[in-house]
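The values are calculated or read from the model by the stated rules, or taken from the named source; none is laboratory data. From a predicted model like this one, the values you see are computed outputs, not experimental measurements. Backbone-built Cβ (ideal geometry, glycine too); neighbour counts: all protein chains shown.
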Amino acid sequence: MLRRALGLLPRPIAAARARSFSTDLPAAHTADATFMEAWNKVMPNMDPPKTPLSFMHPRPPTPSSIPPKLTVNFVLPYASELSTKEVDMVIVTATTGQMGFLPGHVATIAELKPGVLSVHEGSETTKYFVSSGFVFIHANSFADIIAVEAVPLDRIDANLVQKGLADFTQKLSSATTELEKAEAQIGIDVHSALNSALTG
Amino acid sequence: MASNAAVPFWRAAGMTYITYSNICANLVRNCLKEPYKTEALSREKVHFSISKWTDGKPEKPTIRSDSPEE
């Protein structure tokens with residue numbers, strides 16, 4: 001049995017040609033040649049229309065040495081909190097635990113849990129409480145953090161948090177359906193995270 | 001193939017990620033201090049008008065301005 005397993009081993013290696021990963025940088029956008037020719041024939045004096053792709057900046061390539069700073073884009077559905085800000089480190093609360101990202105971090109995708117996001121730049125730290133979201137670290141030390149709701153810690157009202165925690169703990173014990181239990185559990189999770197954010 | 005890894009409790013209860021995420025966001029918004037709280041809740045208000053169609057024609061629309069669904 002082992003000998004057959006050994007026989008199988010070399011095959012994947014031989015078959016692994018360098019296929020591009022979806023996380024690799026897309027090629028920089030070049031205008032479509034056939035479209036340009038057709039356009040120039042019909043309208044030689046007018047500039048061709050721009051396509052959405054041409055407005056997008058291609059992602060900067062992965063540098064060969066680790067860059068000194070992490071570039072962070074922190075966006076919410078209604079505002080762009082940080083836009084290409086150069087920082088030293090970012091610490092997020094992922095579902096798998098607290099994660100810190102330094103420049104040169106391996107490309108990662110992490111789902112965030114309700115918790116604190118802290119952005120460290122020099123000697124100052126800005127903390128936000130994030131309700132949930134995702135963080136994408138790219139190989140070129142760009143970090144995209146997307147959250148549905150994120151507030152600086154000083155905007156959180158401790159009394160409302162305590163009240164909410166008590167409410168949901170009570171709801172959990174009186175919940176009957178799976179859905180109610182799940183909602184109560186979510187309430188408890190969020191409020192206890194808020195609590196530890198305020199006290200921690 | 002690996003069988004489904006431990007699913008999060010909300011998915012096991014039949015909730016989708018979007019519902020979970022929106023619930024979390026609403027809970028956080030409800031715990032804000034005063035001026036920020038009213039700002040956040042009013043920002044998330046949804047206004048929409050519904051009109052039922054019969055025989056290919058729209059009937060009179062009704063305007064709803066519910067607070068967003070949890």
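Residue by residue, here is whether (1) under 20 Å from A:Pro77 (Cβ atoms); (2) assigned to a loop (DSSP other than H, G, I, E, B) holds:
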{"position": "B:Trp10", "(1), (2)": "no, no"}
{"position": "B:Ala25", "(1), (2)": "yes, no"}
{"position": "B:Lys45", "(1), (2)": "yes, yes"}
{"position": "B:Lys60", "(1), (2)": "no, yes"}
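Residues checked against (1) over 20 Å from A:His191 (Cβ atoms); (2) at pLDDT 85 or above:
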| residue | (1), (2) |
| --- | --- |
| B:Met1 | yes, no |
| B:Ala5 | yes, no |
| B:Ala13 | no, yes |
| B:Thr16 | yes, yes |
| B:Glu39 | yes, yes |
| B:Arg43 | yes, yes |
| B:Phe48 | yes, yes |
| B:Asp55 | yes, yes |
Problem - Pick from the range A:142-164, criterion among the aliphatic types (A, V, I, L, M) and more than 10 Å from every other protein chain (Cβ to nearest Cβ), ranking: nearest to A:Pro103 (Cα to Cα) - result: A:Ala143
Problem - Condition met for A:Ser123 (modelled with pLDDT of 90 or more and either crowded, with 16+ Cβ neighbours inside 10 Å or more than 14 Å from chain B (Cβ to nearest Cβ) (or both)) - result: no
Exercise for the section: Would you mind stating whether A:Ala182 is surrounded by 14 or more Cβ atoms within 10 Å (Cβ to Cβ), touching a strand residue (DSSP E or B) at 6+ places or on another chain (Cβ under 7 Å), part of a helix (DSSP H, G or I) and at the interface with another protein chain (Cβ under 10 Å from one of its Cβ atoms)? Expected result: no
Exercise for the section: Residue by residue through the range A:150-181, note down the ones that are of a type in the set (S, T, N, Q) and over 20 Å from A:Lys113 (Cβ atoms). Expected result: A:Asn159, A:Gln162, A:Gln170, A:Ser173, A:Ser174, A:Thr176, A:Thr177
Handout entry: Any pair with Cβ under 9 angstrom, 6 or more apart, that starts in the range B:28-50 at a residue that is within 8 Å of another protein chain (Cβ to nearest Cβ) and ends at one that is exposed (fewer than 10 other Cβ atoms within 10 Å of the Cβ)
Key = B:Lys33/A:Asp154
Exercise for the section: Out of A:Leu117, A:Leu194, report the one residue that is within 13 Å of another protein chain (Cβ to nearest Cβ), buried (at least 20 other Cβ atoms within 10 Å of the Cβ), touching a helix residue (DSSP H, G or I) at 6+ places or on another chain (Cβ under 9 Å) and not in a loop (DSSP other than H, G, I, E, B). Expected result: A:Leu194
Exercise for the section: Could you grab me the full set of residues in the range A:140-187 that are touching a helix residue (DSSP H, G or I) at 6+ places or on another chain (Cβ under 8 Å) and in contact (Cβ under 8 Å) with a residue 40 or more places away in the chain? Expected result: A:Val148, A:Glu149, A:Leu153, A:Ile156, A:Ala158
Exercise for the section: Answer yes or no: is there a residue in the range A:77-92 that is under 20 Å from A:Ala193 (Cα atoms), in the same structural domain as A:Val190 (by TED's automatic domain parsing), hydrophobic (A, V, I, L, M, F, W, C) and touching a strand residue (DSSP E or B) at 6+ places or on another chain (Cβ under 9 Å). Expected result: no
Completion exercise
Of (1) over 25 Å from B:Ala12 (Cβ atoms); (2) surrounded by 14 or more Cβ atoms within 10 Å (Cβ to Cβ); (3) in the same structural domain as A:Glu86 (by TED's automatic domain parsing); (4) not acidic (Asp, Glu), A:Phe134 fails just (1)
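Checking the condition modelled with pLDDT under 90, in a loop (DSSP other than H, G, I, E, B) and surrounded by fewer than 11 Cβ atoms within 10 Å (Cβ to Cβ), which residue from A:Thr30, A:Thr62 passes?
Values: A:Thr62 fails: surrounded by fewer than 11 Cβ atoms within 10 Å (Cβ to Cβ).
None of the other options fit; the residue is A:Thr30.
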